[in-house]
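The values are calculated or read from the model by the stated rules, or taken from the named source; none is laboratory data. Since the structure is predicted, the reported quantities are computational estimates derived from the model, not experimental observations. Here the Cβ positions follow ideal geometry from the backbone for every residue, glycine too, while neighbour counts run over all protein chains shown.
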Amino acid sequence: MLSKRASSLHLVRKTFFCITMIMCSAHAWGELVIKVSKGNDKPTIISVAPMLLSGTVLSEDVSAVIESDLNRSGLFKAVSRANMLSFPSSPEDVYFRDWRLLGSEYLVVGALNQDRLDNTIELRFSLLDVNAQKVIFKHVVRGTEVQLRDLAHLASDKVYEQITGIRGAFSTRLAYVTAEQKNGSFVYKLNVSDSDGAREQLMLKSSEPIMSPAWSPAGDELAYVSFESGRPAIYRQQLVTAARQKLTNFSGLNGAPSWSPDGSKLALVLSKDGNPEIYVLDLLSNKLSRLTRHFAIDTEPTWMPDGESILFTSDRGGSPQIYKLTVASGAVQRITFQGNYNARPSLAPDGRTLVMVHREKGVFHIATLDLKTGRMLQLTKTQLDESPTVAPNGAMLIYATKQGDKGVLSAVSLDAGVRYLLPAKSGDVREPAWSPFLR
């Protein structure tokens, strides 16, 4: 077991943990790949018939993307296209007997049409209940050819929500950090991708470390920490224009930015006055307000959904634990008591499920705490688990971990029933951040 002093030091050291892990690799990186390792014990069997545009070869296989989305959720098992007896494109073409023979409970059919005037593509798709032999819904989405994956993710969201009652999050995005060693030096990259790792986009490339990406509530900006000036500084960056703004560059620690729910403020950690403390930066007035005043290490702020309170990690009780701070009054309340290490708080959208890094028998795992019942559930069995980030629908979370000597991202459902890996095609990947629902 670590001593109390060692645990306290770990709060600062863990800020630089991802750098150490990334620097262990000398590989290149690429898009994330998906490897489902555990699904629901009784997944819903679904078939997604091929969706084609007559006479045209498209850049994306829309039905394959939908099938992959649903499989990745762990709640569905898609029937292989090779086993299908027919390829209907509309409900009128469906012979339900064919799909019952395959064991399908649901069937998704659809077709693509292109407008000759503006070249936009229309995806018409339907969800059918095979056993009841009825159409559940018909729906239409439109976009350009470069937006085919977006149309497919929207279709997946619609199907997922209809069957599970939970809003789909396939149309959301991920931010993460990767690195590559070249000629003895490291190059760091901040990337953004679809939730399935596809369409990776470079947001920032630097010879110095990049850390702690955080999404704005609208999903159109990132805040993050960059060492490009030789010391840590916090930046904000627009995704579309790539315009950047340096927000803090004080001496000492500048870290852990967290957007307020309305996007008007950032909670962050500064040690400019000697000790790591929680501050709030008003993004309109640039006014900086100090919230904590304690000799302990206060770090890792995250806003509560009401925008009136902040969760943070502190060792003020002798070991790292999670506390709640009321912004208006400055009142602080301890939240976690089970175990001698709980850190990196992340709150599920329900405002009730607290996700955190929890140490069990000297090993760091991801766990949840029900804030109403006090029940704690350990979600992961891997080691050196870090940086949990919860999907905006509260169904899954992604965290950084190790597989062999390689840093990977891993996903687990909040009931621990579904798991999948998101390793890069080569090299390490760390510091995940799951976007909100995009507006």
- Query: If you scan the range 218-261, which residues turn out to be among the aromatic types (F, W, Y) and either touching a helix residue (DSSP H, G or I) at 6+ places or on another chain (Cβ under 7 Å) or buried (at least 20 other Cβ atoms within 10 Å of the Cβ) (or both)?
  - Reply: Y224, Y235, W259
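Against the definition (modelled with pLDDT of 95 or more, under 25 Å from T120 (Cα atoms) and crowded, with 19+ Cβ neighbours inside 10 Å), how does V159 come out, yes or no? Don't jump to the end; show me each part of the working.
On the way: modelled with pLDDT of 95 or more: yes; under 25 Å from T120 (Cα atoms): yes; crowded, with 19+ Cβ neighbours inside 10 Å: yes.
Considered against the rule, which asks whether it is modelled with pLDDT of 95 or more, under 25 Å from T120 (Cα atoms) and crowded, with 19+ Cβ neighbours inside 10 Å, V159 comes out as yes.
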- Item | Those residues of the range 363-374 which are assigned to a loop (DSSP other than H, G, I, E, B) and not small (G, A, S), in sequence order | L371, K372, T373
- Query: With (1) part of a helix (DSSP H, G or I); (2) at positive phi as the list, and G103 as the residue in question, which single condition is left unmet?
  - Reply: (1)
- Would you mind telling me which numbered condition in (1) surrounded by fewer than 18 Cβ atoms within 10 Å (Cβ to Cβ); (2) touching a Lys or Arg at 6+ places or on another chain (Cβ under 8 Å); (3) on the phi < 0 side of the Ramachandran plot; (4) not in a strand (DSSP E or B) S319 fails? (1)
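Within the range 207-226, count every residue that is assigned to a strand (DSSP E or B) and not charged (D, E, K, R). Reasoning before the result, please.
Our first condition is that a residue be assigned to a strand (DSSP E or B); within the range 207-226, this holds for 210-215, 221-226.
Now drop any that are not not charged (D, E, K, R), which leaves 210-215, 222-226.
Result for the range 207-226: 11.
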- Task: Filter the range 55-92 for residues that are touching a residue at least 12 places away in the same chain (Cβ under 8 Å) and more than 29 Å from the chain's Cα centre (by Cα) and give the result.
- Result: T56, R81, N83, M84, L85, S86, F87, P88, S89, S90, P91
- Can you give me the number of residues within the range 375-424 that are surrounded by fewer than 17 Cβ atoms within 10 Å (Cβ to Cβ) and part of a loop (DSSP other than H, G, I, E, B)? 9
- Item | Unmet criterion (only one of (1) part of a strand (DSSP E or B); (2) in contact (Cβ under 8 Å) with a residue 60 or more places away in the chain; (3) of a type outside the set (K, R)) for L266 | (2)
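Of the residues R124, R142, R149, only one is under 19 Å from the mean Cα position of the chain (by Cα) and not assigned by TED's automatic domain parsing to the domain that holds N254; which? Even if it seems obvious, please write down each step before you answer.
Values: R124 fails: under 19 Å from the mean Cα position of the chain (by Cα); R142 fails: under 19 Å from the mean Cα position of the chain (by Cα).
Result of the check over R124, R142, R149: R149.
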